[in-house]
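Trainee: Shown below is the structure under consideration.
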Amino acid sequence: MTTDVLIQVTDLQKHFKGGKQNQDEKIRALDGVSAEIHKGEVVVVIGPSGSGKSTFLRCLNLLELPTGGQILFDGVDITDKNCNINLHRQKMGMVFQHFNLFPHMTILKNMTIAPMQLLHKSKEEAEKTALELLGRVGLADRANAYPSQLSGGQKQRVAIVRALAMQPEVMLFDEPTSALDPEMVGEVLEVMQELAKSGMTMVVVTHEMGFAREVADRVLFMADGKLLEEGTPDEIFTHPKSERLQDFLAKVL
Amino acid sequence: MTTFSEQFPIVFQALNVGFLQTLKLFAITLIGAIPLGLIIAFGSMSNWSAFGFLRPVVLKHVNLRELTWWQKVQVWFVTDFKPVRLLTRLVIWVVRGTPLMLQLLVIYYFPGLVWKNNIWGSGETGRFVASSVAFVFNYACYFSEIYRGGIQGVPKGQQEAGQVLGMTKSQIFFKVTLLQMVKKIVPPMSNEIITLVKDTSLSRIIALQEVIWAGQAFMKGSQGISGAIWPLFFTGVYYLIFSGILTLLLGWAERKLDYFKA
């Protein structure tokens, strides 16, 4: 099993300084999290708000700098100061809650700018890939629209294929459906499900328990900055061991 | 030459020459201050900390509650002293905190009076160069604060989206942030640019021969006309027409950027 580990997280720590009143109190957003993400695996991270699940995800590509611990990506320690994180980020796609499409570029430009700038693809090549990907999510006809002309669900589908255009080895999703109107959640989850079927390695932070149950290979439950429980969807949802998880499930299911 | 129709051609000719100088100063100021302002804006946002590398060590070994105020100052110096930012903000404070008229006087006269070396050269060219330096620096400081607001007004998610695609800092700035910032700053920049049109008249204080100077000349006496106040009043027409044109141009630029919503 050790050979196909894509991301190895060891004792990850993220501490913030406390507010003005309690300067020497530390807030432990992540308090020693260790986890492994295997190639081709879909890992869903669940937990109450403030549990550190988003911080965990954002540490994986160093959007947040961990204050301790180690992250090995493809065997390389990306927390090392001498490591060129930009190169590794090219291989880790990320999708945000608020889409973060570039508003001043057309959909096509949004999708081709990084491949052209960073992978030095020709315009034709980059556009061909982009249109193919847009076709896969049913948005080929919107290639020349601007993000403000799309619905939330469409924006998020574009955000997913924008990340895919870089041909990443893993896709990170940070609550991808939380900012969507309810009727648009389905179309985004469908795209993610397709992606999972195609064998993409995925780490998904979400409140969509249905998605976790159906699509996940493994579910991580986090609370108070700790990884409290992990297992198959069946183990987590039908046979929760810890009281925290039982409580949490009682509230959300 | 006492009648208006006798005076007008002479005055018109002189004011045109003066306004040309006004326009030159206006153009040079924009050409210099727009890029310089960006550099100053980066300085004022610089996070470079001189002793930042000591930070983790110091914070590990001190407990802020047990320190005297002087020890706290020392800890601050090690952990949060950002010399580039501090210096830039100090300069911005001085430049924005003193009258442009005073800056013109100091820049123009100081080298000659104090160093006994008039670096600006003599005559109109010297006055123009000195005025340009004062105006470029003064306006760059105002622009830098507008830029800073514009840059900080672009949502953080935009930067992050660039980061996760693997883009470098400069790629993110030039491809992602810049145009969104430009769209945000057009209205406040328009304000500054319109103000600049009229501020150029401050260089009258060091006798730059711009349009106010040209109009005033006919009060004291010039080309056979003296005691005439109307030429000075008439300079207002030049400013009005020019700022009218600029208003149209800037409005056009704003509409040009309407193709996307930030």
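The values are calculated or read from the model by the stated rules, or taken from the named source; none is laboratory data. The structure presented is a predicted model; accordingly, all values stated were derived computationally and were not measured. Positions of Cβ are generated from backbone atoms using ideal geometry, with glycine treated the same way; all protein chains shown enter the neighbour counts. Areas reflect the complete protein model, heavy atoms only, side chains present, ligands, DNA and RNA absent. Shrake-Rupley method; radii C 1.70, N 1.55, O 1.52, S 1.80 Å.
Trainee: Helix A:182-197 against the longest principal axis of chain A: what's the angle in degrees, Cα atoms only, rounded to the nearest 10?
Mentor: 90 degrees
Trainee: Could you derive backbone 3J(HN,Hα) for segment B:88-94 from the dihedral phi with the Karplus parameters 6.51, -1.76 and 1.60 (θ = phi - 60°), listing whole Hz in sequence and x where the residue is Gly or Pro?
Mentor: Running phi through 6.51 cos²θ - 1.76 cosθ + 1.60 with θ = phi - 60° gives 4, 5, 5, 4, 4, 4, 5 Hz.
Trainee: Per residue of segment B:188-203, in order, report the coupling 6.51 cos²θ - 1.76 cosθ + 1.60 (Karplus, θ = phi - 60°) as ³J(HN,Hα) in whole Hz, putting x for Gly and Pro.
Mentor: Result, rounded to whole Hz: x, 5, 4, 3, 5, 5, 5, 4, 4, 3, 7, 5, 3, 5, 5, 5.
Trainee: Summing -39500 (n - 2.57) over the DSSP H runs of n ≥ 4 in the protein assembly as shown and dividing by its residue number, what mean residue ellipticity at 222 nm do you reach, to the nearest 500 deg cm²/dmol?
Mentor: My calculation for the protein assembly as shown gives -18000 deg cm²/dmol from helical runs alone.
Trainee: Could you check what % of the DSSP bridge pairs in the protein assembly as shown are antiparallel, to the nearest 5?
Mentor: So the antiparallel bridges in the protein assembly as shown amount to around 60 percent.
Trainee: Shifting gears a bit: What is chain A by shape, rounded, prolate or oblate, if you read a ≥ b ≥ c off the alpha carbon gyration tensor as root eigenvalues and call it rounded for a/c under 1.5, prolate for a/b larger than b/c, and oblate otherwise?
Mentor: Prolate.
Trainee: Put +1 on the Cβ of every Lys and Arg and -1 on every Asp and Glu Cβ in the protein assembly as shown; which of B:G43, B:V237, A:Q149 then has its Cα farthest towards the positive end of the dipole?
Mentor: My answer, from the dipole projection, is B:V237.
Trainee: Starting from the 7 Å offset along Cα-to-Cβ, what nm value, one decimal, do you get for the label separation of B:A207 and B:W230?
Mentor: 2.9 nm
Trainee: Counting Lys and Arg as +1 and Asp and Glu as -1, what is the net charge of the other residues whose Cβ lies under 11 Å from the Cβ of B:A134?
Mentor: 0
Trainee: Under 18 Å from the Cα of B:K198, which lysines turn up, not counting those fewer than eight places away in the same chain?
Mentor: The reachable lysines, counting only those whose Cα sits under 18 Å from B:K198, are B:K24.
Trainee: Loop by DSSP (not H, G, I, E, B), at most 11 other beta-carbon atoms within 10 Å: where is the longest site-free stretch of chain B for trypsin sites (Lys or Arg not before Pro)?
Mentor: Value returned for the longest uninterrupted segment is B:117-260.
Trainee: Follow-up question, since we're still on this one. Hey, if you put +1 on the Cβ of every Lys and Arg and -1 on every Asp and Glu Cβ in chain B, which of B:N191, B:V91, B:V17 ends up farthest toward the positive end of that dipole?
Mentor: B:V91
Trainee: Find which of A:I107, A:L62, A:L172 sits farthest along the positive direction of the dipole of chain A, computed with +1 on the beta-carbon of Lys and Arg, -1 on that of Asp and Glu, about the Cα centre.
Mentor: Of the options given, the answer is A:I107.
Trainee: In chain A, which longest range has no trypsin sites (Lys or Arg not before Pro) that are both DSSP loop (not H, G, I, E or B) and surrounded by at most 13 other Cβ atoms within 10 Å?
Mentor: Between exposed loop sites, the widest span is A:82-240.
Trainee: Whose amide H sits under 5 Å from the amide H of A:G69, counting only residues 5 or more places off or on another chain, with H placed in the peptide plane?
Mentor: Residues meeting the amide H criterion: A:Q13.
Trainee: Step by step: find N for segment B:61-215, compute 2.2 N^0.38 Å, then divide the Cα radius of gyration by it. What's the final number?
Mentor: Segment B:61-215 yields a ratio of 1.46.
Trainee: Here's a follow-up. Taking springs between alpha-carbon atoms closer than 10 angstrom, which of B:F234, B:F53, B:F110 fluctuates most in the Gaussian network model of chain B?
Mentor: It is B:F53.
Trainee: Amide H of B:I119: which non-local residues (sequence gap of 5 or more, or other chain) have their own amide H closer than 5 Å, using H built in the peptide plane?
Mentor: Hits under the 5 Å cutoff: B:G112.
Trainee: Treating only the Cβ of Lys, Arg, Asp and Glu as charged (+1, +1, -1, -1), what charge dipole size does segment B:90-237 show about its Cα centre? Round to the nearest 20 debye.
Mentor: 240 debye
Trainee: Using the Karplus equation 6.51 cos²θ - 1.76 cosθ + 1.60 (θ = phi - 60°), what ³J(HN,Hα) coupling, rounded to whole Hz, does each residue of segment B:60-69 give in order, writing x for Gly and Pro?
Mentor: Computed from phi, the couplings for segment B:60-69 are 5, 9, 10, 10, 3, 5, 8, 8, 6, 4 Hz.
Trainee: If you don't mind, another one. Using amide H atoms built in the peptide plane, which far-off residues or other-chain residues are under 5 Å from A:G40 H to H?
Mentor: A:T201
Trainee: Accessible area per residue of segment B:15-121 at 1.4 Å probe, in Å²?
Mentor: On a per-residue basis, segment B:15-121 sits at 65 Å².
Trainee: Here is a further query. Does chain B classify as rounded, prolate or oblate by the C-alpha gyration tensor (a ≥ b ≥ c root eigenvalues; a/c under 1.5 gives rounded; else a/b over b/c gives prolate, otherwise oblate)?
Mentor: In terms of gyration-tensor shape, oblate.
Trainee: Same structure again: So if I place +1 on the C-beta of Lys and Arg and -1 on the C-beta of Asp and Glu, and nothing else carries charge, what would the dipole magnitude of chain B be about its Cα centre? I want it in debye, nearest 20.
Mentor: For this selection, approximately 940 debye.
Trainee: So if I place +1 on the C-beta of Lys and Arg and -1 on the C-beta of Asp and Glu, and nothing else carries charge, what would the dipole magnitude of the protein assembly as shown be about its Cα centre? I want it in debye, nearest 20.
Mentor: Once rounded to the nearest 20, the dipole reads 2040 debye.
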